Amino acid sequence: MRHGNKNNNLSRTASHRKALLMNLGCQLITHKRITTTLAKAKALRTYIEPLLTKTKNTSSKEAIMHNHRIVFSYLNDKDAVKELFTVVAPKIAARPGGYTRIIKLGARIGDNAEIAMIELVDFNEIYGKGTAKATETAKKTRRAGGGSRKKATDTANTEAATPEIEQATDNKVEVVPPLKKSKASK
């Protein structure tokens with residue numbers, strides 16, 4: 001029975017699991033986005049998010065050095081720790097939590113394992129803050145009533161949207177307006 005056991009062992013020994021999560025964590029910090037199985041991605045999220053939280057404590061120089069050492073003990077990669085504290089930490093400083101995003105990608109062809117992409121949220125330009133501002137400005141205000149006005153503007157817009165056809169005859173250009181649809185042609 002596994003009462004109260006919340007960690008996923010990933011069918012590995014403790015040392016193998018520690019090495020696996022260490023390598024996945026270093027790759028996630030270095031590349032900002034990796035593809036792995038869904039179970040490994042969920043285990044990696046619980047492993048990496050406390051480390052990302054430790055990078056935000058900049059109260060004193062001793063605290064920063066202490067956090068560097070703690071994070072290094074989890075990752076064992078100087079380049080990844082340097083990247084984490086110099087590049088990642090300033091971007092996630094204002095975020096209260098939830099530094100990673102898991103996106104399911106479907107099943108792997110060979111063994112039908114569920115594949116997922118785990119990424120650092122602040123390093124994705126598609127879902128970033130720039131698109132949120134664009135959607136807010138494009139949001140239309142709701143107007144009550146005015147149905148007849150709307151119909152009149154819709155017909156004017158469709159007439160303006162249809163292009164006029166230019167016919168060239170002997171170096172003369174004639175502008176021919178578009179044909180209007182009659183009710184009988186429908």
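The values are calculated or read from the model by the stated rules, or taken from the named source; none is laboratory data. Note that the structure is a prediction, hence the values are computed from the model and not measured. All Cβ positions, even for glycine, are placed from backbone atoms using ideal geometry, and neighbour counts span all protein chains on display.
Report, by residue number, each residue of the range 18-37 that is in contact with a helix residue (DSSP H, G or I) (Cβ under 8 Å, 6 or more places away or on another chain) and without any contact (Cβ under 8 Å) to a residue 40 or more places away in the chain.
L20, L21, L24
Pairs please, first residue from the range 93-113 and under 20 Å from L44 (Cβ atoms), second anywhere and part of a loop (DSSP other than H, G, I, E, B), Cβ atoms under 8 Å, 6+ apart in sequence or on different chains.
Cβ pairs passing all conditions: R101/N124; R101/Y127; A107/A113.
Kindly indicate the residue of the range 50-78 that is of a type in the set (D, E, K, R) and surrounded by 14 or more Cβ atoms within 10 Å (Cβ to Cβ) and also nearest to D122 (Cα to Cα) among those meeting that condition.
Among those residues, the one meeting the criterion is K56.
Out of all the residues in the range 54-89, which are in contact (Cβ under 8 Å) with a residue 12 or more places away in the chain and among the acidic types (D, E)?
If the condition is that a residue be in contact (Cβ under 8 Å) with a residue 12 or more places away in the chain and among the acidic types (D, E), then D77, D79, E83 are the ones that fit.
Can you confirm whether the range 7-17 contains a residue that is crowded, with 16+ Cβ neighbours inside 10 Å and outside any loop (DSSP other than H, G, I, E, B)?
Yes, the range 7-17 contains at least one residue that is crowded, with 16+ Cβ neighbours inside 10 Å and outside any loop (DSSP other than H, G, I, E, B).
For the range 91-134, which residues satisfy the criterion of being modelled with pLDDT under 95 and surrounded by 13 or more Cβ atoms within 10 Å (Cβ to Cβ)?
Of everything in the range 91-134, those that are modelled with pLDDT under 95 and surrounded by 13 or more Cβ atoms within 10 Å (Cβ to Cβ) turn out to be K91, I92, R95, V121, D122, F123, N124, Y127.
Would you confirm whether any residue within the range 22-39 is more than 23 Å from Y127 (Cα to Cα), of a type in the set (K, R) and surrounded by 13 or more Cβ atoms within 10 Å (Cβ to Cβ)?
no
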